[in-house]
Amino acid sequence: TLEDADYRPHFHFAPEKHWMNDPNGMFYLDGTYHLFYQYYPDGNVWGPMHWGHATTKDLLRWDEKPIAIYPDSLGYIFSGSAVVDLKNSSGLGTRENPPVVAMFTYHDPIKEREGRENFQNQAIAYSTDQGATWRKYAMNPVIPNPGIKDFRDPKIHWDAEHQQWIVVLAVLDRVYFYTSKDLKEWTKVSEFGNGQGAHGGVWECPDFFPMPVAGTNETKWVLIQSLNPGAINGGSGTQYFIGDFDGKVFTPVKAMQNLPENHSYWLDFGRDNYAGVSWANLPEKDGRILYLGWMTNWQYAQEVPTETWRGAMTLPRELTLHKQQNQYRLHTAPAQELWAYTDTIRYQKQVTVDADITLAPGSEVDLTKTVITFSIPDVAKQKYTFQLTSAADTLTFGYDGNTDSFFLDRSAMATSGFHPDFASHQVIAPRISKDKQITVTLILDTTSLELFFDDGVTVMTNIFFPKFPLTELIAVQSIIPYQLKDVNINQLKL
Ligand code: FRU
């Protein structure tokens, strides 16, 4: 039977020990991608928060570093972000050695216990050694609480168009926008979100940045908005809005104005991608937006069956913005660095599925380190089902032509009863693409399956805990036999 050590991911970040939640303070500098994260170094459930730290040069192999920011008398260190202050606008470094400035939420547990409202405040810390060590700013907080309980998760962005720093902050059921010239003095300029999109829970961990619309000269602003609970498949999840920003006010595009509760603009329809945000200070010439999320769901995150460590991140992903049939949509793809580590070990053309067919046999491939792509041409109105299996486990996913939706089911995994919400219902995603052909990329690690359908317009990230290693990928027989085109199995060399 698999346990702790066997559940450890091969190429997704997870801390060596103890509890991790949201990614924080991600920035890139001199060839290194930094990741900080909500971390409790004394236990395997949520506790007084620190910022843990890890780095990577290739987005696949991670080095865990010493804890970066510790709680103090002002409170726990909740989620936030970091930027490289290239012009030293803050005066916290020098022009020659620009400081890295982080903004986080101080969560004061004492004030909270006393029943006060103002226990979450925004503060800054800075590093003059590329993120290795941090000093807290002497005049904290920089954005004091106006008397609202949920007031947290600042994400800073350098707004080149309007030559200003922006902070987007989650405030209960909306976001507040602030601007600044020096990262220390902040002015609130607007709000967005009341009555817009899903509100089944509290808005948390926003992100806000401009993006080019692929294949055009147009630029739009993207607001990424995590929500817990109330996601489309229950618990935690992340929706997004596309619009324009005049330096003060965000206005969604027409089709996304007054978006109802029930909409289809979700960055990920799976149950296990939360609080994700983008990297700051990426090389401009790359023009990439790189993103990563926390790969679990608050519903059961503290009860998943690992003991020494708890929590892993998604693969770093590239976001792109597309306009099709007058709709703006974010597409997600695994960061291309992944392909530097893959070897094609099995390539098949035109596989006829007229019985259960094994696409990836365990004798040839280690499924815990694989990327598999295939397409279904000329989709008919029937169910297309795929299974990942071990002697005791079945993980099922596919496409249902009758309802035009994708699905995933983990109720037949042997270890799924640790929490009633984990496997209680199928994960469903409406299909957005109208293409005749469905393509899918599967990224498999020990305890996670990331599914990118239709060029990443529909993404599903889900974790699972097999009793034995999954050894086979099977295309299950349908009513009408069909063909799979281009089944490509890549083994990761790591
Ligand atoms: C989201 C969140 C944030 C908060 C942090 C605390 O998962 O609740 O809103 O800053 O976790 O660890």
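One residue stands out among those in the stretch 18-36 that are over 29 Å from residue 203 (Cα atoms) and touching a residue at least 60 places away in the same chain (Cβ under 8 Å): the one that is farthest from the chain's Cα centre (by Cα), which is 30. Is it the case that the stretch 83-90 has a residue that's buried (at least 16 other Cβ atoms within 10 Å of the Cβ) and free of Cβ contacts under 8 Å to residues at least 12 places away in the same chain? Yes: one or more hits. Confirm whether residue 39 is near the ligand (Cβ under 10 Å from one of its atoms), touching a His at 6+ places or on another chain (Cβ under 8 Å) and either farther than 23 Å from residue 494 by Cα or not hydrophobic (A, V, I, L, M, F, W, C) (or both). So residue 39 fits the description; yes.
Let's see how each residue does on (1) basic (Lys, Arg); (2) assigned to a strand (DSSP E or B); (3) crowded, with 21+ Cβ neighbours inside 10 Å; (4) in the same structural domain as residue 408 (by TED's automatic domain parsing):
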site: 191; (1), (2), (3), (4): no, yes, no, no
site: 232; (1), (2), (3), (4): no, no, yes, no
site: 242; (1), (2), (3), (4): no, yes, yes, no
site: 251; (1), (2), (3), (4): no, yes, no, no
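Just the residues that are in a strand (DSSP E or B) and out of contact with any Pro (no Cβ under 7 Å at 6 or more places or on another chain), please, taken from the stretch 204-219. Within the stretch 204-219, 204, 205, 206, 207, 208, 209, 210, 211, 212, 213 qualify. The condition (being farther than 18 Å from residue 273 by Cβ and touching an Asp or Glu at 6+ places or on another chain (Cβ under 7 Å)) is satisfied by just one residue among 16, 3: 16. Within the stretch 90-138, the set of residues being aliphatic (A, V, I, L, M) and part of a loop (DSSP other than H, G, I, E, B) comprises 92, 132, 138.
Taking the criterion of being away from the ligand (no atom under 16 Å from the Cβ) and of a type in the set (A, V, I, L, M, F, W, C), the residues of the stretch 50-97 that qualify are 54, 59, 60, 62, 83, 84, 86, 92. Taking the criterion of being charged (D, E, K, R) and surrounded by 19 or more Cβ atoms within 10 Å (Cβ to Cβ), the only residue of the stretch 452-494 that qualifies is 454.
Determine whether residue 58 is touching a helix residue (DSSP H, G or I) at 6+ places or on another chain (Cβ under 6 Å), in contact (Cβ under 8 Å) with a residue 40 or more places away in the chain, assigned by TED's automatic domain parsing to the domain that holds residue 152 and more than 22 Å from residue 152 (Cβ to Cβ). Considered against the rule, which asks whether it is touching a helix residue (DSSP H, G or I) at 6+ places or on another chain (Cβ under 6 Å), in contact (Cβ under 8 Å) with a residue 40 or more places away in the chain, assigned by TED's automatic domain parsing to the domain that holds residue 152 and more than 22 Å from residue 152 (Cβ to Cβ), residue 58 comes out as yes. Restricting to the stretch 28-70, and then to whatever is among the β-branched types (Val, Ile, Thr) and closer than 19 Å to residue 81 by Cβ, can you tell me which residue is surrounded by the fewest Cβ atoms within 10 Å (Cβ to Cβ)? Within the stretch 28-70, the match that is surrounded by the fewest Cβ atoms within 10 Å (Cβ to Cβ) is 32. Within the stretch 155-163, does at least one residue satisfy the condition of being buried (at least 22 other Cβ atoms within 10 Å of the Cβ) and either more than 16 Å from the ligand (Cβ to nearest atom) or under 25 Å from the mean Cα position of the chain (by Cα) (or both)? Checked the stretch 155-163: at least one residue is buried (at least 22 other Cβ atoms within 10 Å of the Cβ) and either more than 16 Å from the ligand (Cβ to nearest atom) or under 25 Å from the mean Cα position of the chain (by Cα) (or both). For the stretch 175-208, a residue qualifies if it is more than 20 Å from the chain's Cα centre (by Cα) and without any contact (Cβ under 8 Å) to a residue 40 or more places away in the chain, and the qualifying residues are 176, 178, 180, 187, 188, 191, 193, 194. The residue list 169, 223, 227 contains one member that is surrounded by 22 or more Cβ atoms within 10 Å (Cβ to Cβ), within 14 Å of the ligand (Cβ to nearest atom) and within 17 Å of the chain's Cα centre (by Cα), which is 227.
The values are calculated or read from the model by the stated rules, or taken from the named source; none is laboratory data. Just so it is clear, the model here is predicted, and its values are computed rather than measured. Every residue, glycine among them, receives a Cβ derived from its backbone with ideal geometry; neighbour counts consider all protein chains shown.
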